[in-house]
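All remarks here apply to the structure that follows.
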Amino acid sequence: MLASDPQTEPAHRMSLSFEARLHDLIAAIYPRADRADLAARITQAFWPGERPRRRRARVPSNNFWSEKDALLITYGNSIVDGVHKPLDLLRDFLHRNLRGTVDGVHILPFFPFTSDDGFAVTDYRAVNPTLGDWSDIRRIAAEFKLMSDLVLNHVSSQGPWFTAYLQGHSPYDRFFMEADPGEDLSLVVRPRTHPLLRRVETAAGPAHVWCTFSHDQIDLDFRNPEVLLEFLAIMRLHIDNGVRILRLDAVAFLWKVVGTPCIHLPETHAIVRLMRLLCDYAVEPVILVTETNVPKAENLSYFGNRNEAHVVYNFSLPPLLLHALQSGTARYLIRWQQGMPPAQLGCAYLNFSASHDGIGMRPAEGILPPEEVARSIDCATGQGGLVSMRTAPDRSETPYEINITWFDAMGATCAGETAHHMERFLCSQTIVMALEGIPAFYIHALLATGNDHAGVQKTGVARAINRHRWHYPDLQTRLDDPESRQARALGELRRRMGVRRRQPAFHPNATQFTLQLDERVFGLWRQSLDRGQSVFALHNVSGETVEIEPSAINLIDGEDWCDLLSGERIASVGPAIRLAPYQCRWISNRG
C-alpha cells in the first residue's frame, strides 16, 4: 500500500496550506477555540517533539494499493494452545498458511478490556498481556500490513478514565457525554435495545451518561477538544508501533447534539477530515478506514471529497450476498451493484462477507424488500443462527444483525436444499475477490468454522457464535488432513486468491461494469488500469446449471480467452459457456 516520501521537514515548520486547512477544520469543529493554540497542540500530539513530517500532502492516486492486497481479519486470540502467546501463534499461522495469500492482517482490539471482546477498552496504550506485548505487535507489523482499531466512541466503564470522571479528577471530569433524561432523545439512532442513558454517582452528584452500545461502554464527549487530542496521541502510538491502517470504530456516532439523530453529524465528518489531513502529511504511509455499518448512501459519505476515509467497508455486500446464495437469484445484488459508484481516486472499498460481528441488516435497507429480509433471516436461523435487534426511532424493535458463522449460513437455501454446501460457500468468497476493492476475509470464514453455540451459552452474547477460539494443534491437524473441511476450504480459497493477485484487472480501482445476464448469475466485467486485461467474472449463485452465450459478454473475436480458475479455453464464437451449480468462472484474455 502507500509509499512514503523521503522529503520531510520538522513538524513545527508547517506549510501555509496545511496550517490553513487545519485552522478551517478547527473552526468547523470547535468554533470557540483559540485556533492557533489548538492547531499547535494538535500538531504536537501527532508529531511530538521534533518529529518530521512531509512537506506536501500525499496526492490521491491509484498507487496506494494493488491486486496483491488482501486482509485477514482476526482476534489476537482466535488461535490458542494454552502454552504460547496467542500473538506468536497468529504470526506462525500467517506464515505457515497465508504467506503469499494475504499481505495484511486486521488484529481486532488487542488492548486490555472488560467486555464486548475488546471494544470496551480500559487502556489504549497497552497490549492485553494475555495476548502478548508491543514487541509482538511490531513483529507482525514488520511482516504484514497491520490494521488496528481506534475505538473512538466509547471506553470501558471500569477503566481509569471513567473512574477518574466519577471522582471528579481533571481532565477526565469532562471526558464523557452526559444528557438529561428529561430531554427528547427519541430521534437518536440506536444500534441496540438497552436504555441510552445510565445513571451514575459522581463526586459532583448524580449524572446520566450516554451509552450507545452497552452500559459498560461509556460514550466520550468530543465537544471537549482534550478528548480529540488524547486520541491523536494514541494514533501516533499505533503508528510508532508499526500500524499502517487505522480503523475508526463506530465513528458515525462520535458527535452528539440533542434533538438530532446523533449520527453522521457535520462535526463527525470534520474530525475524520482532520485525521486524514494529519495522515496525508505523515512520513509513515497511513490509511484510514471508517467502520460505519449503515445504509449505502450514509456509508459512502465517509469518502468525503477524497478528504476523509481512504477506505470504507462495503457493508451492503454481506446481507445481499447472503440473500443471493440463499435464494438462488442475484437480482438484488445486481441491482445494488449497478447503483454503486466507482471509488474516487485515492479511495477504495473493503469487500467482505463475514466479520467478527454479525451480518448487519441495516445496510440492506432500501435494497432488500422486507419480505426478502424475513426470508433471509428465517433461512439463517434454520442453520442455527441468531438475530440481534435494535430500537428504531418509533421505539419498535427491528433486526439489526444475524449472528451466524458464514460457513453455516451457506448450509442451506431458502428452499431447504442442503446440497453443494462447500460450492455455495466458495462461490460467496470468490465474489468477494472479484469485486472492485480490497478483499478481506474473517479467519472463521477462511477456516469454514461452524457455529459456536457453546460460546454463546457460556457468555450469553449472541456474537460469540462467530468468535470461536481454535486450539492450534487441533487446527493444524485438520489443515494437514486434505479431506477435512478446513483444509478443503482454505486450500481452494488460497488457490483462487493466488490467481487473483496475478491479475491486473483485479486492481482495487480497475474498471468495473455489472453485466446484465441470467438473474442466477452475478457477472462483472473488470478491466485493468492500462486496459490490457479484461476479466469477465461470472458467478452462478443458484443450484442449477446455467448457460451463457459468449456473445452476451462480448468476448472480442481474435483474442485467446481462458477461464483463469479452471484453465479451460473459452471460444469467443462457439458453444454456450456452462456454469455448474455455484460455479465461478473468471474469463480473461490474459491467462
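Values computed for the structure shown
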quantity	calculated
Restricting segment 436-464 to residues that are within 30 Å of A505 (Cβ to Cβ) and small (G, A, S), the residue that is surrounded by the fewest Cβ atoms within 10 Å (Cβ to Cβ)	A448
Per-region count, segment 530-556, residues within 16 Å of T430 (Cβ to Cβ) and either charged (D, E, K, R) or assigned to a strand (DSSP E or B) (or both)	7
Whichever residue in segment 260-270 is open to solvent by less than 40 Å² (accessible area, probe 1.4 Å) and part of a helix (DSSP H, G or I) and, among such residues, is nearest to A39 (Cα to Cα)	A270
Per-region count, segment 74-122, residues within 23 Å of V461 (Cα to Cα) and of a type outside the set (G, A, S)	20
Odd one out for T193 among (1) of a type in the set (V, I, T); (2) open to solvent by 30 Å² or more (accessible area, probe 1.4 Å); (3) under 15 Å from T122 (Cβ atoms)	(3)
Selected residue (criterion: farthest from I359 (Cα to Cα)) from residues of segment 257-304 that are over 14 Å from the mean Cα position of the chain (by Cα) and among the hydroxyl-bearing types (S, T, Y)	Y281
Residue among H238, H215 that alone is under 25 Å from the mean Cα position of the chain (by Cα), open to solvent by less than 20 Å² (accessible area, probe 1.4 Å) and modelled with pLDDT of 95 or more	H238
Matching option when the condition is touching a helix residue (DSSP H, G or I) at 6+ places or on another chain (Cβ under 8 Å), over 30 Å from L232 (Cβ atoms) and not aliphatic (A, V, I, L, M), among G304, G366, G328, G360	G366
Residues that are more than 20 Å from D357 (Cβ to Cβ) and either touching a strand residue (DSSP E or B) at 6+ places or on another chain (Cβ under 6 Å) or surrounded by fewer than 21 Cβ atoms within 10 Å (Cβ to Cβ) (or both), drawn from segment 71-90	V80, D81, G82, V83, H84, K85, P86, D88, L89
Qualifying residues in segment 271-298 (those that are open to solvent by less than 10 Å² (accessible area, probe 1.4 Å) and at pLDDT below 95) - the one nearest to L22 (Cα to Cα)	T292
Hits in segment 314-373 - residues which are within 20 Å of A462 (Cβ to Cβ), in a helix (DSSP H, G or I) and open to solvent by 20 Å² or more (accessible area, probe 1.4 Å)	R362, V373
Selection count where residues are within 19 Å of H539 (Cβ to Cβ) and of a type outside the set (A, V, I, L, M), scope segment 290-338	15
Close pairs (7 angstrom Cβ cut-off, 6 or more residues apart or separate chains): part of a loop (DSSP other than H, G, I, E, B) in segment 557-579, modelled with pLDDT of 95 or more and open to solvent by 100 Å² or more (accessible area, probe 1.4 Å) anywhere	A576/E547
First in segment 447-475 and touching a residue at least 12 places away in the same chain (Cβ under 8 Å), second anywhere and of a type in the set (K, R) and not in a helix (DSSP H, G or I), Cβ under 7 Å, 6 or more apart	D452/R467; G455/R467
Residue among S528, S566 that is in contact with a helix residue (DSSP H, G or I) (Cβ under 7 Å, 6 or more places away or on another chain), more than 21 Å from L333 (Cβ to Cβ) and either modelled with pLDDT of 95 or more or open to solvent by less than 20 Å² (accessible area, probe 1.4 Å) (or both)	S528
Failed item in (1) within 30 Å of D116 (Cα to Cα); (2) of a type outside the set (A, V, I, L, M); (3) surrounded by fewer than 21 Cβ atoms within 10 Å (Cβ to Cβ); (4) without any contact (Cβ under 8 Å) to a residue 40 or more places away in the chain, with S484 passing the rest	(1)
Unique match (being of a type in the set (D, E, K, R), open to solvent by 30 Å² or more (accessible area, probe 1.4 Å), outside any loop (DSSP other than H, G, I, E, B) and touching a Lys or Arg at 6+ places or on another chain (Cβ under 8 Å)) among E201, E230, E226	E226
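The values are calculated or read from the model by the stated rules, or taken from the named source; none is laboratory data. Given the structure is predicted, the values throughout are model-derived calculations rather than measurements. Neighbour counts run over all protein chains shown; Cβ positions are idealised from the backbone, glycine included. The accessibility values were calculated without ligands, DNA or RNA, using every heavy atom of the protein model including side chains. Shrake-Rupley method; radii C 1.70, N 1.55, O 1.52, S 1.80 Å.
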